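Okay, structure first, notes after.
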Amino acid sequence: MKPTNPNASDGMWNPLLPELPERSRLYSLAPIGLGTGEIESVTSYISRLAIAHTVSTWTLLSREIGPKLFDSNPILRSRLGELVATTGSSLNGENDTSRKAVCILASLTCRTDLRHLTMAFCRGYVSSRFLVGVKQIWCPQCLAEWKAQSLPIYWPLLWQIMAVKVCPKHGIPFEKCCPVCKCSFFPVSAHTRPGYCPRCYQWLGLHDGRGSGTGAIDSIEREHAVCLSDFLRDGQRAMGMGRMEKSVFPENVELLLQSFFQGNVAALARFMKVHRSTIIGWKNRTQAPTLLLLADLSQKVRVSPEALLCRHLQSADFEVRWEAADRPPRKCFVAPPKVDLEKMRRELEEAASDNGISPASLSQIAARLGCRQTTLQRRFSELVEKVKDRYQKAQALKRQVRAKIFRSAVRSAVIDLHKAGYYPSQHRVKLEVPEFIDMRDPVAYDEWKCALAELGLLGRRSVRAAAA
Ligand SMILES: [Zn+2]
Ligand SMILES: [Zn+2]
């Protein structure tokens, strides 16, 4: 179908007039590094988009992205507050928030390639746990080189991946803290500018070869970083856009197990330095590998992560490096605290059936259980809704009772003063009512005004007050 030509006055297609593409609300800013292992992250894209419009990241998020991302959430500001802090990194990961944010950005910029800026392509292939880091990390040497070559400065997606600790190009460990203010920061903040510290606004790259970024080169870590950089490039092509129906990782693990470990799960678990249940989970398709373990396996059997997930391998494709098994585990993540689901359910049920005047709020229950509110929300959504509903009703009732007390105390003070022949000024009423009543409170103020109006005193002062 021919596109409509807006310049044609009669609505007909005129080949002599230029063809205009669809207008986008925001600039159709092109992402950096598409189709390479150095592809930009979506958090970097958001900050560059804000800079392109000469507004802060906060303004872009609060005016354009936030209202669509959180719908008409009444606590939009606090949700945005979370986004420019701890939860900002999740935008680069594989989750619903990230997918929704990319859709919003795509509709605002009319770009169809923004889905490549997150780890969304891993969906169903790699576990969404331990995928992206919470804090921003960077290679000062890369930043310095880009600046020297007048290339655009940005935060690559690779710098967000938890399993990558060194720069694949320079082999030096990533920096985590600003060399000037010594602070670490999140990928999204109110005033993010790629390459600069959002707290002290100092340049984070090297200055003429001076500064940090001179850590020892770790060949194993570098191998991992290169492997995952390649995975970002090849994985997008192989797994993105639903090209593969499902992962062939379970079949490849089974082949590895039978060909090199005589079907002994414990032997493969020892080789990989994981629990046996992990290998069984991989085989049964009940558990997807984390990116870290996938990179580890890839290095130990000399097969790329993308091939392990997407290609039906033969036993000749594996080149098992037995010496790699003797290496101490590269790094271990601290597992999240074990959750006692039964205790959680009990506490929530008790709170939901509490008919007292002060039922516990969700935050109080979460603090008692030592877990997050989001954990409770995810696992017991129905019970949590009941708890919230009960708490909100109790709060509304409390507000009503409080308003009644305020109104009755203010009214009787106004009438008593009037009867005594004094003008019931705000100051005099304040001295008469109990101390906990603040006359600046909207309810108390409103009642004072109403009482004055009923007594016909609005705008007039009693004779005695004037004489005094
Ligand atoms: Zn580098
Ligand atoms: Zn700083």
Enumeration of residues in segment 91-113 that are buried (at least 18 other Cβ atoms within 10 Å of the Cβ), polar (S, T, N, Q) and either free of Cβ contacts under 8 Å to residues at least 40 places away in the same chain or outside the structural domain of Arg48 (by TED's automatic domain parsing) (or both):
Asn95
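Table: residues versus (1) within 13 Å of ligand 2 (Cβ to nearest atom); (2) part of a loop (DSSP other than H, G, I, E, B); (3) modelled with pLDDT of 90 or more.
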{"site": "Val180", "(1), (2), (3)": "yes, yes, yes"}
{"site": "Phe185", "(1), (2), (3)": "yes, yes, yes"}
{"site": "Val188", "(1), (2), (3)": "no, yes, yes"}
{"site": "Arg193", "(1), (2), (3)": "yes, yes, yes"}
{"site": "Ser212", "(1), (2), (3)": "yes, yes, no"}
{"site": "Glu221", "(1), (2), (3)": "no, no, no"}
What are the residues in segment 114-136 that are buried (at least 22 other Cβ atoms within 10 Å of the Cβ) and in a loop (DSSP other than H, G, I, E, B), if any?
Thr118, Tyr125, Val126, Leu131, Gln136
Those residues that are within 10 Å of ligand 1 (Cβ to nearest atom) and not in a loop (DSSP other than H, G, I, E, B), I need them from segment 159-172; list them, please.
Trp159, Val166
Would you pick out the residues in segment 109-142 that are closer than 18 Å to Leu83 by Cα and within 16 Å of ligand 1 (Cβ to nearest atom)?
Gln136, Ile137
List every residue pair whose Cβ atoms lie under 8 Å apart, where the two residues are 6 or more positions apart in sequence or sit on different chains, the first residue falls within segment 145-171 and is over 14 Å from Thr36 (Cα atoms), and the second residue, located anywhere, is among the basic types (Lys, Arg) and within 13 Å of ligand 1 (Cβ to nearest atom).
Ile153/Lys147; Val166/Arg222; Gly171/Arg222
Can you tell me which residue in segment 417-448 is farthest from Arg402 (Cα to Cα), limited to those that are surrounded by 14 or more Cβ atoms within 10 Å (Cβ to Cβ) and among the charged types (D, E, K, R)?
Arg428
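Please give the helices (runs of 4 or more DSSP H) falling wholly within segment 250-301 in which 3 or more residues are surrounded by fewer than 21 Cβ atoms within 10 Å (Cβ to Cβ) and modelled with pLDDT of 90 or more.
Helices (runs of 4 or more DSSP H) meeting the threshold: 265-272, 276-283.
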Segment 378-390 residues that are in a helix (DSSP H, G or I), paired with ones that are of a type in the set (Asp, Glu) and surrounded by 15 or more Cβ atoms within 10 Å (Cβ to Cβ) (beta carbon under 9 Å, 6 or more apart):
Val387/Asp354; Arg390/Asp354
Scan segment 227-246 and tell me whether some residue there is out of contact with any Cys (no Cβ under 7 Å at 6 or more places or on another chain), buried (at least 17 other Cβ atoms within 10 Å of the Cβ) and part of a loop (DSSP other than H, G, I, E, B).
no
I'd like the full set of residues that are within 16 Å of ligand 2 (Cβ to nearest atom) and of a type in the set (Asp, Glu), limited to segment 122-175.
Glu175
State which residue is modelled with the highest pLDDT when the search covers only segment 195-210 and only residues that are within 15 Å of ligand 1 (Cβ to nearest atom) and either assigned to a helix (DSSP H, G or I) or at positive phi (or both).
Gly195
I need the full set of residues from segment 26-64 which are surrounded by fewer than 18 Cβ atoms within 10 Å (Cβ to Cβ), polar (S, T, N, Q) and under 20 Å from Ala120 (Cβ atoms), in order please.
Thr36
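The values are calculated or read from the model by the stated rules, or taken from the named source; none is laboratory data. None of the values given here were measured: they were computed from a predicted structure. Methodologically, a virtual Cβ is constructed for each residue, glycine included, from the backbone with ideal geometry; neighbour enumeration extends over all protein chains shown.
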